[in-house]
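Beneath this line is the structure, given in structure tokens, with notes to follow.
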Amino acid sequence: MGGNREEKLAELRKRLAALPEKHRPGKAQAPQGPPLQEESAQLGAVPAAGVLPVHEELAALLPGGGLPRGSIATLEGAGSLAVSLVATVSRAGARVALCGAQGFGMAAALEQGADPERIALIEGPLGDPVAVASILLDGADVVLCELGGIAVPPSRGRAIAARARSRGSVLLVTGGTWEGASLHLGARVQGYTGLGARPGRGRIRGIDLVFSARGRGCRNPYRGAAGTAPSDTGLAVAR
């Protein structure tokens with residue numbers, strides 16, 4: 001899209017308005033259709049109404065067992081976290097938009113069952129990724145936005161959060177600072193599977209991730225133990 005910022009945003013709105021009815025924006029607390037329920041059952045946990053499914057180990061940490069619609073979550077740590085979230089929600093039938101997400105592991109997402117027909121890619125870097133992500137919330141269930149190192153001020157964050165709530169969409173942000181986000185999700189690599197006993201031999205066939213979740217209602221398996229994480233933090237290991 002050529003032209004200045006206003007022209008680009010106007011063109012993006014025009015494209016969203018031209019989408020077929022089945023791809024139009026969802027409403028807040030949109031009911032989950034059969035695909036989401038079937039996918040949740042396959043993951044071993046059924047999220048509450050108004051949430052999107054995630055990996056079962058991460059689901060155990062989140063209130064309602066999934067990503068709450070109308071929320072904003074920051075992502076930190078291993079990029080495999082974003083890959084897992086995109087793969088799971090798109091496989092379950094949700095519409096996903098990747099906003100300036102450079103270096104996203106699309107091949108890994110497809111290996112995890114991501115539905116490419118439900119993923120839209122807005123290539124970056126973007127001059128104002130927050131403005132683009134705000135518009136994409138109108139037509140996607142989940143928007144993954146790469147902030148490019150910027151810090152989003154609270155006043156602007158509140159405006160975007162209100163938009164997400166009104167649309168029933170989820171905004172995932174990475175690569176920057178977003179004050180006021182309701183969830184903070186993280187992942188770190190604990191180990192690899194498939195490598196031989198000798199260093200430098202074998203092939204990586206899997207990654208062991210440690211998930212963490214911080215926010216109101218998040219489960220903390222170590223609550224009450226001395227010297228552990230805060231009471232709104234949870235940890236889980238996924239293979």
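Throughout, read-outs are computed from the coordinates displayed, never taken from laboratory work. The shown structure was predicted, so the numbers you read here are calculated from the model rather than taken from an experiment. A quick note on method: Cβ atoms are made from the backbone with ideal geometry, for glycine too, and the neighbour counts reach across all protein chains shown.
Worth a mention:
- Potential lengthening of the chain between residue 162 and residue 107 amounts to 16.5 nm, from the contour at 0.36 nm per residue minus the alpha-carbon distance.
- Note: the stretch 69-184, Cα convex hull, 87 Å³ per residue.
- For the pair residue 128 and residue 177, label points projected 7 Å from Cα toward Cβ lie 2.2 nm apart.
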